[in-house]
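S.K.: Sharing a structure with you now.
The values are calculated or read from the model by the stated rules, or taken from the named source; none is laboratory data. Quick caveat, the model's predicted, so the values are computed rather than measured. Heads up, the Cβs are rebuilt from the backbone with ideal geometry, glycines too, and the neighbour counts pull from every protein chain shown. Accessible surface areas use protein heavy atoms only, side chains included; no ligands, DNA or RNA. Shrake-Rupley method; radii C 1.70, N 1.55, O 1.52, S 1.80 Å.
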Amino acid sequence: MQRNAKVLKLARSWGRATELDAEITAAPEGATCFLPGTTVRAVALTELVGQIGLGDNIRIDCSALAKNLGTGGYATVLSGSRLPADSLPAAGHIVKARYMPHQHVVQSVEEPDSPHHQIMAEATCLEGAPVLVADLHSAVPAVVAGIRSQDPTSRIAYVWDDTAALPLAFSMSIAKMRECADLDCTITSGQSFGGDLEAASMPSALLAARHVAKADYIVVAQGPGNLGTATRWGFSGTATAQALHVAHALGGKPIPVVRASQADPRPKHLGISHHTLSVLNQLVLIQLDVPIVDSNSLSLSEAAKTALENGARALAQRHTVHRVSSKSALACLKHATVPLRTMGRGLSEDALAFAAASAAGIYAATLRGNRDN
């Protein structure tokens, strides 16, 4: 759903992204919405479309707005008045977003002309490093807050997979966490792009996190734009099973980040989400240690508390469940470096969602402390 538009206002920028307001100036014949005169909020990824200026004529895509997608509250800029700078790397030939109009050539961490090639050629093991795997992007700040509360000087790498948004620049929270050194390195794997390091695959991304970024902890999650279809397996979070398996196969310590909620109106997501239960009890083929926050300091309804306990019992049939103090999980969230939001809800509305994520970080830090002693 493409439209021509004119930039009315330049708003905030983060990383390699710019937010703007644009007035639609032309729509295709027969269009019934997003007609000329309509103002929309849009995001431009400047490394792909060039710098955007006030008054510029641009072309935008309004599909996400038309579908009222939760993460896609923006139109996206397809092209602007200025050409983007030539960004073809002198060394490197890995194409990401392959065969799309905005395909992007990068130098991956593994390829022969990379300065890290020899390290990657010799890297075979994660050396027991904790690999925390979440299915929602919104869990990342809480997971990191949990780690930092116990191990504040550690190095943390974030691996962004390619099951949701491909450009890392789309995430304001990751840009802020990187800016304030809450994250020490970002790695974009598969078709995703824009991290401090680029990796061709999830195994390479994990090994790069450990051996190139020297990470003590590795956090894996998709970018914004979680996909769901109201079916058991039609959601992008199924990729967490692959990441957990790869972490195990490469000698890491895979730790699932439980998706939970006390406020989601959908019964299947109350307590521990059915997505977590399906992945861990049916797709995952290895036994895991699963950190689950207790309910002692959480103001849960009886329905949410029952759902949380039922989910914990279901996971305990296949895995080893470890209880983490909700008091500690909530306390560390006060020091999160970015606003906590998930599915439109903040900490005050859905404390369980963020406490469940920070509990995984706390548990991982405890494991590392025990291993180092």
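S.K.: So, in the range 315-329, of the ones that are of a type in the set (A, V, I, L, M, F, W, C) and open to solvent by less than 30 Å² (accessible area, probe 1.4 Å), which residue ends up nearest to the chain's Cα centre (by Cα)?
M.R.: The residue in question is Ala329.
S.K.: Scan the range 259-267 and give yes if some residue there is in contact with a Lys or Arg (Cβ under 8 Å, 6 or more places away or on another chain), open to solvent by 30 Å² or more (accessible area, probe 1.4 Å) and part of a helix (DSSP H, G or I), otherwise no.
M.R.: no
S.K.: Also, quick follow-up: In the list Gly311, Gly361, Gly346, which residue meets the criterion of being open to solvent by less than 10 Å² (accessible area, probe 1.4 Å) and without any contact (Cβ under 8 Å) to a residue 12 or more places away in the chain?
M.R.: Of Gly311, Gly361, Gly346, the one residue that is open to solvent by less than 10 Å² (accessible area, probe 1.4 Å) and without any contact (Cβ under 8 Å) to a residue 12 or more places away in the chain is Gly346.
S.K.: Of all residues in the range 154-209, count the ones that are on the phi > 0 side of the Ramachandran plot and either open to solvent by less than 20 Å² (accessible area, probe 1.4 Å) or touching a residue at least 60 places away in the same chain (Cβ under 8 Å) (or both).
M.R.: Final tally of qualifying residues: 2.
S.K.: Here's a follow-up. Going by the conditions given, is Ser149 surrounded by 24 or more Cβ atoms within 10 Å (Cβ to Cβ), out of contact with any Asp or Glu (no Cβ under 9 Å at 6 or more places or on another chain), more than 26 Å from Ala91 (Cβ to Cβ) and hydroxyl-bearing (Ser, Thr, Tyr)?
M.R.: No: the conditions fail for Ser149.
S.K.: Here is a further query. What are the residues in the range 108-124 that are part of a loop (DSSP other than H, G, I, E, B), surrounded by 13 or more Cβ atoms within 10 Å (Cβ to Cβ) and over 22 Å from the mean Cα position of the chain (by Cα), if any?
M.R.: Of everything in the range 108-124, those that are part of a loop (DSSP other than H, G, I, E, B), surrounded by 13 or more Cβ atoms within 10 Å (Cβ to Cβ) and over 22 Å from the mean Cα position of the chain (by Cα) turn out to be Glu110, Glu111, Ser114, His116, Ala123.
S.K.: With the condition kept exactly as written, say whether any residue in the range 290-307 is in contact with a Phe, Trp or Tyr (Cβ under 6 Å, 6 or more places away or on another chain), open to solvent by less than 20 Å² (accessible area, probe 1.4 Å) and either of a type in the set (Gly, Ala, Ser) or in contact (Cβ under 8 Å) with a residue 12 or more places away in the chain (or both).
M.R.: yes
S.K.: Next up: Out of all the residues in the range 242-277, which are free of Cβ contacts under 8 Å to residues at least 12 places away in the same chain and touching a Ser or Thr at 6+ places or on another chain (Cβ under 8 Å)?
M.R.: His269 - this is the single residue of the range 242-277 that is free of Cβ contacts under 8 Å to residues at least 12 places away in the same chain and touching a Ser or Thr at 6+ places or on another chain (Cβ under 8 Å).
S.K.: If the requirement is being within 24 Å of Met100 (Cα to Cα) and under 17 Å from the mean Cα position of the chain (by Cα), which of these qualifies: Leu197, Leu206, Leu244?
M.R.: Leu197
S.K.: Anything in the range 76-101 that is crowded, with 19+ Cβ neighbours inside 10 Å, touching a residue at least 60 places away in the same chain (Cβ under 8 Å) and in contact with a helix residue (DSSP H, G or I) (Cβ under 9 Å, 6 or more places away or on another chain)? List them, or say none.
M.R.: Within the range 76-101, none qualify.
S.K.: Scan Leu244, Leu227 and give me the residue that is over 19 Å from Ile94 (Cα atoms) and in a loop (DSSP other than H, G, I, E, B).
M.R.: Leu227
S.K.: How many residues are over 13 Å from Ser261 (Cα atoms) and either basic (Lys, Arg) or in a helix (DSSP H, G or I) (or both) if we restrict to the range 303-318?
M.R.: Residues meeting the conditions: 7.
S.K.: Quick check on my filter: what residues within the range 1-35 are open to solvent by 70 Å² or more (accessible area, probe 1.4 Å), under 16 Å from Gly50 (Cβ atoms) and under 23 Å from the mean Cα position of the chain (by Cα)?
M.R.: Listed by number, the residues that qualify are Ser13, Gly15, Arg16.
S.K.: Okay, moving on. Taking the residues in the range 66-75 that are free of Cβ contacts under 8 Å to residues at least 40 places away in the same chain and within 21 Å of the chain's Cα centre (by Cα) as candidates, determine which candidate is most open to solvent (accessible area, probe 1.4 Å).
M.R.: Top of the filtered list is Asn68.
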